[in-house]
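Shown next, in structure tokens, is the structure this report addresses.
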Amino acid sequence: MKRPLCKWAARGLLCCAASLVLMGSGTEAWAGSFTVSPVRIELSPQRPLGSLTITNDGTEPVTIDAKAMAWTQQAGEDRHEETRELIVTPPVFTLEPRASQVVRIGLRRPPDRERELAYRVFLTENAPPPTATSTGVAMTLRLSVPIFIRPVAPPVARLDWSASPGSPDELKLQAVNVGNLHVQVADLRLLSDGQLIGRISNPAYVLPDQTRVWTVKLDKPWRPDAGPIQLEGFSDAGDVKVSVPLR
């Protein structure tokens, strides 16, 4: 059964659908605070519009820039480029303390017929200008929210897994997305003969037609002739529980 990753917090899983970055600039010691909901948006040909609600949790006014970026992956690394395919309005706004702003999001182009489109909306806080008495470093907050556009074709979420030996205490785990939707995985556990030998805790996305490779530090010695490795964990396409072939 498909479940949002955020609902697994009780199992010790940290939801990171919206990523957070603190950026240092200027000379003033200052940091604001805002939150965004929801932390991910999925649109479709039947639901072409969505919205985010941004709330200022701080005690000072904050000005926020909202920018849409096309999201791709290359060799397991995320790539972001400015795009006009996604409309985000308003693009700049100021929030008083405890105030909220609704940001509308819509697709300017038709959905792809065959596979999901991926974007991120970056919400960046503008630091106040430095003053003559400023000291230290100004810290500004940036959140990025994934935006997925489902294809016209029937949606399929599927990862093909494999593993290969690395050094004596390492194993390379590979996931190939052979579906036409993203898959987000988290809290992956590798077992041999029922014993836990390695773990990947950090959540990660694998976009359609992309491959992601993890180098797993093993907790216990493992030999390639010890039999198949079992992989267990969670994904937003359902629980992961597969026997991983060795390459």
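The values are calculated or read from the model by the stated rules, or taken from the named source; none is laboratory data. None of these values were measured; they are calculated from a predicted model. Counting neighbours? That spans all protein chains shown, and the Cβs are built from the backbone with ideal geometry, glycine included.
Residues are listed down the side, and each one gets a yes or a no for (1) part of a loop (DSSP other than H, G, I, E, B); (2) in contact with a Phe, Trp or Tyr (Cβ under 7 Å, 6 or more places away or on another chain); (3) modelled with pLDDT of 95 or more:
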{"site": "Val102", "(1), (2), (3)": "no, no, yes"}
{"site": "Ile105", "(1), (2), (3)": "no, no, yes"}
{"site": "Pro110", "(1), (2), (3)": "yes, no, no"}
{"site": "Arg115", "(1), (2), (3)": "yes, no, yes"}
{"site": "Ala118", "(1), (2), (3)": "no, yes, yes"}
{"site": "Ala132", "(1), (2), (3)": "yes, no, no"}
{"site": "Gly136", "(1), (2), (3)": "yes, no, no"}
{"site": "Arg142", "(1), (2), (3)": "no, yes, no"}
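Among the residues of the range 93-113, those that are aliphatic (A, V, I, L, M) and either within 26 Å of Pro155 (Cα to Cα) or loosely packed, with under 11 Cβ neighbours inside 10 Å (or both) comprise Ile105, Leu107. Within the bounds of the range 214-229, is there any residue that is surrounded by 16 or more Cβ atoms within 10 Å (Cβ to Cβ), part of a strand (DSSP E or B) and charged (D, E, K, R)? Within the range 214-229, none of the residues are surrounded by 16 or more Cβ atoms within 10 Å (Cβ to Cβ), part of a strand (DSSP E or B) and charged (D, E, K, R).
Scanning the range 168-214 for residues that are among the β-branched types (Val, Ile, Thr) and either closer than 23 Å to Arg120 by Cβ or out of contact with any Lys or Arg (no Cβ under 8 Å at 6 or more places or on another chain) (or both) gives Val176, Val183, Val185, Ile200, Val206, Thr211, Val213. Within the range 150-171, residues that are under 11 Å from Arg223 (Cα atoms) sit with their Cβ atoms under 8 Å from residues that are of a type in the set (Phe, Trp, Tyr), at 6+ positions apart or across chains, in these pairs: Leu171/Trp222.
Looking only at residues in the range 47-92 that are hydroxyl-bearing (Ser, Thr, Tyr) and touching a strand residue (DSSP E or B) at 6+ places or on another chain (Cβ under 8 Å), which one is farthest from Val152 (Cα to Cα)? Before the answer, list the steps.
Of the residues in the range 47-92, the ones hydroxyl-bearing (Ser, Thr, Tyr) are 51, 53, 55, 59, 63, 72, 83, 89.
Applying the additional criterion that residues be touching a strand residue (DSSP E or B) at 6+ places or on another chain (Cβ under 8 Å) yields 51, 53, 55, 63, 72, 83, 89.
Numbers: Ser51: 21, Thr53: 28, Thr55: 34, Thr63: 37, Thr72: 19, Thr83: 21, Thr89: 25 Å.
Top of the filtered list is Thr63.
Residues that are more than 30 Å from Thr211 (Cα to Cα), assigned to a strand (DSSP E or B) and not acidic (Asp, Glu) within the range 58-77 comprise Val62, Thr63, Ile64, listed in sequence order.
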